[in-house]
Amino acid sequence: MLVHENFLDLHFPADAHEVAPVRHQLREWLQDSGFGEDEASDLVLAVSEAVNNSVEHAYPGPARGTVEVRAQFGHDGSVEVDVTDHGRWRVPPPALTMRGRGLLLMRESVDSVEIDRSANGTTVHLRRAPTSAVPATRSPSECDVRVHETSSGVVAVVRGNVPVEAGPSLRRTLTTAARGGTVPLTVDLTGVGVETGGVERALHDVAEALGAAGNRLVVRTR
């Protein structure tokens, strides 16, 4: 284990008993980092879910390997965390299983989730920025999102302005509507205002989540 004010490097057996100590060490490391308590809890939750996936699914049967958690601060005050195992775990099925819920929780809790799989294992890349690192010139809740279910999936109707700082909030709302990507999603942007800076990145991240689960994003515009 290596701990520094700018980085954290943990190596431990893929055992369920190791998850709680990892959460504790990460939370301690985040103290005095500029992250609020809720933001730190979100990041700890996402890392915990990624570690759980590795512990439960990377090493089937009696096989036992290791898991690595590496965290570091970026120049903008954000935290980037890599959770790596050296086994294999599959993409969750389209149904909202418990593993699907784990990916959903990750995507709801942090700003970005990327999953890299190879013959040598899986790495989950997580990134979360503190709210203080986001310009607070406008309220991030200027847009309104109404969600309803259809026979073919979920439709999210977005109304109002979506400035850049509202992008993370929109992304989380859409990710939740799509249940982490496990349900097909249609986003109706016909009622969006003149400010759309937060739309593109939100749609990009949601499309990635849907694609990872074998679904697609449909966007309606004017």
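Yes/no per residue for (1) within 20 Å of the chain's Cα centre (by Cα); (2) at pLDDT 90 or above:
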position: Asn6; (1), (2): no, no
position: Pro13; (1), (2): no, yes
position: Arg23; (1), (2): yes, yes
position: Gly36; (1), (2): yes, no
position: Glu49; (1), (2): yes, no
position: Asn53; (1), (2): yes, no
position: Pro60; (1), (2): no, no
position: Ala71; (1), (2): yes, yes
position: Val81; (1), (2): yes, yes
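Hey, can you tell me all the residues within region 25-35 that are farther than 17 Å from Arg70 by Cβ and either among the hydrophobic types (A, V, I, L, M, F, W, C) or without any contact (Cβ under 8 Å) to a residue 12 or more places away in the chain (or both)? Walk me through how you get there before you give the answer.
Within region 25-35, the subset farther than 17 Å from Arg70 by Cβ is 31-32, 34-35.
Scanning region 25-35 gives Gln31, Asp32, Phe35.
Among the residues of region 178-190 satisfying the criterion of being crowded, with 22+ Cβ neighbours inside 10 Å and of a type in the set (A, V, I, L, M), which is farthest from Val218 (Cα to Cα)?
Of everything passing the filter in region 178-190, Ala178 is farthest from Val218 (Cα to Cα).
Of the residues Asp42, Asp38, which single one is more than 14 Å from Leu103 (Cα to Cα), open to solvent by 20 Å² or more (accessible area, probe 1.4 Å), part of a helix (DSSP H, G or I) and of a type in the set (Asp, Glu)? Let's see the steps before the verdict.
On the way: Asp42 fails: more than 14 Å from Leu103 (Cα to Cα).
Asp38 is the lone residue from the list that is more than 14 Å from Leu103 (Cα to Cα), open to solvent by 20 Å² or more (accessible area, probe 1.4 Å), part of a helix (DSSP H, G or I) and of a type in the set (Asp, Glu).
Filter region 212-222 for residues that are touching a strand residue (DSSP E or B) at 6+ places or on another chain (Cβ under 8 Å) and under 24 Å from Ile115 (Cβ atoms); which is surrounded by the most Cβ atoms within 10 Å (Cβ to Cβ)?
Residues of region 212-222 that are touching a strand residue (DSSP E or B) at 6+ places or on another chain (Cβ under 8 Å), as a first pass: 212, 215, 217-222.
In the following step, the residues that additionally are under 24 Å from Ile115 (Cβ atoms) were identified as 212, 215, 217-219.
Details: Ala212: 18, Asn215: 18, Leu217: 20, Val218: 14, Val219: 13.
Within region 212-222, the match that is surrounded by the most Cβ atoms within 10 Å (Cβ to Cβ) is Leu217.
For region 2-21, which residues satisfy the criterion of being farther than 18 Å from Phe73 by Cβ and either free of Cβ contacts under 8 Å to residues at least 40 places away in the same chain or not in a loop (DSSP other than H, G, I, E, B) (or both)?
Hits for region 2-21 are His11, Phe12, Pro13, Ala16, His17, Glu18, Val19, Ala20, Pro21.
Could you grab me the full set of residues in region 181-212 that are assigned to a loop (DSSP other than H, G, I, E, B) and within 17 Å of Glu149 (Cβ to Cβ)? Give the steps one after another, and end with the answer.
The initial filter retains those residues of region 181-212 that are assigned to a loop (DSSP other than H, G, I, E, B), namely 182-184, 193-198.
Thr182, Val183, Pro184 - these are the residues of region 181-212 that are assigned to a loop (DSSP other than H, G, I, E, B) and within 17 Å of Glu149 (Cβ to Cβ).
For region 155-165, which residues satisfy the criterion of being surrounded by fewer than 18 Cβ atoms within 10 Å (Cβ to Cβ) and either touching a helix residue (DSSP H, G or I) at 6+ places or on another chain (Cβ under 7 Å) or of a type in the set (Val, Ile, Thr) (or both)?
Val157
Please enumerate the residues belonging to region 143-152 that are modelled with pLDDT under 90 and either buried (at least 18 other Cβ atoms within 10 Å of the Cβ) or touching a Phe, Trp or Tyr at 6+ places or on another chain (Cβ under 8 Å) (or both).
Listed by number, the list holds a single entry, Cys143.
The values are calculated or read from the model by the stated rules, or taken from the named source; none is laboratory data. Because the structure is predicted, anything quoted here is derived from the model rather than measured. In this analysis, Cβ positions are derived from the backbone assuming ideal geometry, glycine residues included, and neighbour counts consider all displayed protein chains. Just the protein is used for accessible areas: all its heavy atoms, side chains included, with ligands, DNA and RNA removed. Shrake-Rupley method; radii C 1.70, N 1.55, O 1.52, S 1.80 Å.
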